[in-house]
Every structure is written in structure tokens, then in C-alpha cells.
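Input: a single structure, listed below in C-alpha cells.
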Amino acid sequence: MEIKSPKQGSAISGLPLSRVKIIMKSSPDVDHISPDALQAMSKATEMFVSYLSMKAHDHANKRSIEYKNLADVVNNDDVFGFLQEVIPHKITVREYWKLRNSQQRSEDESSDDQGSGDG
Amino acid sequence: MAEKPEDLNLPTSVITRIIKEALPDGVIMSKESRAAISKAASVFVLYCTSCANNFAMQQKRKTLKDVDVYAALEDMEFENFIPLLKEQVENFKREQKGKKVASEKRKKAKEANANSPTDGSPNKPETDVEMKSIDEVDTSAHDSIVIDD
């Protein structure tokens, strides 16, 4: 698939570098960021947004892209594995309660184990 | 760092524009999807930074460089971004170099004009060389500042 990027030298600016820098610096252990690295990261992010949009379009019908299409892409393509918790499939409330109950049950069991250990 | 949580989001307007440019004309994306992509972009920056930082630390460097970003992208299996990205970053470097040369020129001109010993602070307002420095900055500034209508 061809990767598009904003036209070079166009008047339209890309992502704000200051914002990208704040996000980068919020990562632990990052001290200094060279201007080249900041530029590269900003451009890479633009490409990523384009790429993800195009992938979602492949999964969607011709005219409009819905959240579901995006979730399909993220959960079917290994490259987007790191986004699985950011863009999960939607579930119904019924499914949510089921999930929650089963999680709570397992938590109860584990706390029971701890309780018996303490006593 | 004491950043606000909303500082970790990227501006919706820019994200929307990038999405619009990527899609064929007439295709629309729901607001919800756009918000999700915006969030994904933030996570992408974080993830990529973390990978890149690992490379920098391996090389025992404290400063993140563009090569680390390429290495991170390769690691994340986004290697198809790299050729175009390198091209764009090289362009950027060239631009920066041009600016640097211009500013050095300006500095030299300043030194020649004013023989004051308190030179070296570029932010210091110097009235008698101001006209000249503005003229010289102008030539380099034209490349980067384009007014959009």
C-alpha cells in the first residue's frame, strides 16, 4: 500500500512539534531529543495516521468509516497490536457485566486464598 | 514533568486534516473513529519513543536521534515508512543547515559592526545592527514561512 504524506513544502503545517515533544518527554528515561528525531517522530506519526485511516477504509464500505472498521483493523493486524487496548471492539452492557462478574469471581477467589493464608 | 493530561493529545484539527488527505474524496469518517485515531497517534508516539530510547541507551547515548526513530520503526514493523521519512528528515536537515549558515553570517556581520566585548548573547537587543540582521534573516525565513489563505 502506498503511504501518503502531506505535500512537501506545503504551507499547511503538520503536527505541532511542541506537543509531540511533550508526549515524547512523558516517556520515562527520555532526556534529550534532537531536532532531527523530533521531526522524524512527527512525520512518522503523520504517516501512521494516514496508514491507519487507509487500512480502516479497506475494511469499510465505500462511503463512510465507522469505529467498528477501525477496531477490526487494529484487532486483526499484528502491526497494530500495541493499540488493542486503545481501540478495542465494542461490547454490549450485557457482555460487560458478564466479563465483570467473572473477573470479580476470580478476584474473590484469590483474595479468599490470601485471607486463609493470613489467618 | 508536570504536563496536563490534555497535553498528551494531539490537536483534532490536524489529525482530521491528515485523515482527510489520506482518504479518497467523498469518504467520511465518523467522529468517534477520528477521536480513536487521535488517541492511537498519541500512543504511537509514546510506543515509538520508548523503542527509540532503547536503541539510544544501547548505544550509550543520552540524546534521541533520528536513527533511533528509524530503528524503532523497523522494530515496530513499520519499516515501509522509513524511506519516505528519511527523505523528509534529510530535507529538514538541509533547511536547518541553511538557517544555521545564515545565522552565522549574521553573527559575523554583527561582530564586524559592533566591537563591543559583550557579544555572544543572540537574544540581546542591539539597536544599531538590528536593521541589518533583519535583512539577513529575511532571506532564510522566506523558505519556511508561507502564508496560507
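Here are the numbers for this structure:
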quantity	calculated
Neighbours by Cβ (under 6 Å, 6+ apart or cross-chain): first from region A:27-45, more than 7 Å from chain B (Cβ to nearest Cβ); second in a helix (DSSP H, G or I) and open to solvent by less than 10 Å² (accessible area, probe 1.4 Å)	A:Ser42/A:Val20
Filter result (surrounded by fewer than 17 Cβ atoms within 10 Å (Cβ to Cβ) and among the basic types (Lys, Arg)) within region B:74-113	B:Lys86, B:Lys93, B:Arg94, B:Lys97, B:Lys99, B:Lys100, B:Lys105, B:Lys107, B:Lys108
Residue ID - farthest from the other protein chains (Cβ to nearest Cβ), chosen from residues in region A:46-59 that are open to solvent by 20 Å² or more (accessible area, probe 1.4 Å) and of a type outside the set (D, E, K, R)	A:His59
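The values are calculated or read from the model by the stated rules, or taken from the named source; none is laboratory data. Not measured: the values here are computed from a predicted model. Cβ atoms come from the backbone with ideal geometry, glycine included; neighbour counts cover every protein chain shown. All accessible areas refer to the heavy atoms of the entire protein, side chains included, with ligands and DNA or RNA removed. Shrake-Rupley method; radii C 1.70, N 1.55, O 1.52, S 1.80 Å.
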